[in-house]
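Remarks on the structure that follows.
The values are calculated or read from the model by the stated rules, or taken from the named source; none is laboratory data. Just so we're clear, the structure is a prediction, and the values are computed from it rather than from any experiment. Neighbour counts run over all protein chains shown; Cβ positions are idealised from the backbone, glycine included. Only protein heavy atoms, including side chains, enter the accessible area calculation; ligands, DNA and RNA are left aside. Shrake-Rupley method; radii C 1.70, N 1.55, O 1.52, S 1.80 Å.
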Amino acid sequence: MSEFIPRTMESKGKSIDEAIFRGLQEMGVSIDEVDIETVQEGSKGLLGLGSKPFIVRLTTKPLDLSAVEEAKPQKKRERRPRSERPRREEPRRPEPEANEGGAQPAAGLEAAEAAPEEGESLEEASRPRERQRSRRKRGRSDRGEPRQERVVPEDDTVYTPYVPGESECEGAEFLAGVLERMGIGCKLGFAETENALKFRIDSDTMGILIGHRGETLDALQYLTGLVVNKRREEYRRVVLDTENYRNKREDTLILLARRLAAQVRATGTPIVLEPMNPYERRVLHAALQNNPYVTTHSEGEDLDRRVVIEPRE
C-alpha cells in the first residue's frame, strides 16, 4: 500500500473566509477534507496603505483506510462449466394462502419489510420501516429541484419624505447636503423610532452610496450621528439604510458566523475575523451566544477591533 502524501497550499484573501474559500476551490476539496492553519492575519492599513491580506494554509487529511477496505468488493468465486455442476431439484414452493377477504400476502422485499421480528408486534415493526420509506420518497422527490433562496425580511419602517425647508428633522438637512455634493441624486426619508432616528435613501447609484462592505454608508451614518448628537444631552442612535442593505448585511453575517463556528468546532483552531464596526460585531456575538461548541469575544482597539471565534472549553 502506497504511503499517503498530503497536499498543501497557501491561499490569500481580503478576509479569512475568502482565503479559505479560494483555497478549497483551487484544490477541489471540501472543508472537512483539509486541516486549516492561519499563516498571516490581514489588516486594512491606513487609507489602503500598508494593508496585508489574510493567508491560510490548507493541508489534505489522510483517507480513512478502514472505510476503504470495507468498501472493496469481495472476490468472486470461480464458476465451473454448467456441464460439471451437480444437478439438484428445487423444492416446490407452496402456493400462498389468501388472507381474509381474498387478499394475497406480501411478497419479496415488501414481505421482508412487513414481517415483524421475534417478540415484536406488527404495528411496532411497521413504524420505523414506514419512516424509512417516507425518507426515500422525500429524497427522490427533492433530487434535482433548485435550492430555494433565503428570504431577507424587508424593513417595515414607515418613512416620511424629507422636503427641504419644510421638514423638521435633525441631521436631515446635513445629510441631504452631503449627498448633493457627492453628486448622488436621491430621495430621502426619515422616521423617529424608540431605538433610533432612521434615514432611508432611495437612489439609482446604490453601489457608490454603499461602498465596499458598507464603508461609505457607515461613514455617512457616523457623520450624521455627530450632527444629531452635537447639542443633545442624551445620545440618539442614527441609522442610514438603502435598498434594505442593513437587513441583507445582517443575514450575511449570521450565515458567516454559523459557517465559521462549524469550522472552529471541526478543527479546534480559533478564527480571527477582519475588523468590523460595533453593530456588525454585535450581530456576530448574538448569532453565536447560544452555540454549545464555540464562544466569541472582541479584541483590538478602535478601528482595528475584531471578533474572535474559539472553541468552548
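Some notes on this structure:
- Net charge contributed by nearby residues that have their C-beta within less than 11 Å of VAL307 (K/R +1, D/E -1): 0
- Once the 1.4 Å probe is applied to the protein heavy atoms, the range 154-313 comes out at 60 Å² accessible per residue.
- Summing charges over all other residues whose Cβ lies under 9 Å from the Cβ of TYR293, with Lys and Arg as +1 and Asp and Glu as -1, gives +2.
- Options GLY28, PRO6, GLY42, ranked by Cα towards positive dipole end of the range 5-44, top entry (Cβ charges): GLY42
- Among the listed pairs LYS187/LYS248; LYS14/LYS187; LYS14/LYS61; LYS12/LYS61; LYS61/LYS248, those whose Cα-Cα separation exceeds 29 Å are LYS14/LYS187; LYS61/LYS248.
- In terms of the mean number of neighbouring beta-carbon atoms within 10 Å, the peptides 184-192, 229-237 order highest first as 184-192, 229-237.
- The local environment of SER203, defined by Cβ-Cβ distances under 14 Å, has a net charge of -3 under the rule Lys, Arg +1 and Asp, Glu -1.
- Rounded to 5, the percent of DSSP beta bridges in the range 142-293 classed as antiparallel: 70
- For the range 166-237: rounded, prolate or oblate by the Cα gyration tensor [a/c cutoff 1.5]: prolate
- Portion, in percent, of the accessible area of the range 176-225 that falls on carbon or sulfur, probe 1.4 Å: 52
- Modelled spin-label separation between LEU226 and GLU10, with each label point placed 7 Å from Cα along the Cα-to-Cβ direction: 3.9 nm.
- Highest to lowest packing among 159-169, 218-228, scored as the average C-beta count within 10 Å: 218-228, 159-169
- Accessible surface of SER203 - all protein chains present, 1.4 Å probe, nearest 10 Å²: 10
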